[in-house]
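Quick notes on the structure that follows.
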Amino acid sequence: MANNAIVDYINKESKKGHHISKIKERLIKAGHKTRDVEEALAIHHHKKHVLNITSLSIGIAVVIAIVIMANVDWDGDGNVQPNTSAQNTNTQPVANTNEQSASEVDELMNAAINNLDSNRCYRIKNSDSMVECMKAVDQAKYKTNEPLVIGAEYESIINHAIETKDISQCDQIKDERIRKECIEAVEFRNRRSGTVT
């Protein structure tokens, strides 16, 4: 049975970057039996090999999770739907998927307002319509006749932040409610496109 002190010493020295042959040489010179040193080295190599296999397994699991996430469409209200866009094998030109019909936009707006959930606004692809939806939800949320006033300057900042997927653009907005809506909109768009903020 290998001496645990020798195994610990080998682990510590190898982490420092010392070569195994030098560590072995020092241990034998210090009076340890060659057989004990060899056993400790075998344990060290086994633990290192197990750690590498574990790291590899974790890496593979992360890649699988990323692939699964890429094929899922998060709709902004906690529901997960399969992403069917990658399954189109039609060789004909595909219609521009960035366009939404007016009825789709109205449906999303109404759902957002009725549920007081501005996350649903972020599903609106047109940034001007998204901002209008955010205003309407905010007005309904705070049960005020005073709408959330997003001036042209802030509207321009929000649109630019959404289009560039740059959340730091929202920091220019001084009104906390508007800044929060801007951040949420950019985060949502980044999640949908796989961009890390």
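Throughout, read-outs are computed from the coordinates displayed, never taken from laboratory work. All values reported here derive from a predicted model rather than from experimental measurement. Counting neighbours? That spans all protein chains shown, and the Cβs are built from the backbone with ideal geometry, glycine included.
Working from label points 7 Å from Cα in the Cα-to-Cβ sense, the Lys33 to Ser193 distance is 6.7 nm. Across the cross-link table entries Lys125/Lys165; Lys141/Lys174; Lys141/Lys180, which are compared at the Cα atoms, the separations over 18 Å belong to Lys141/Lys174. Here the range 96-193 is described by how far its Cα atoms reach on the three principal axes: 37, 33, 22 Å, from widest to narrowest.
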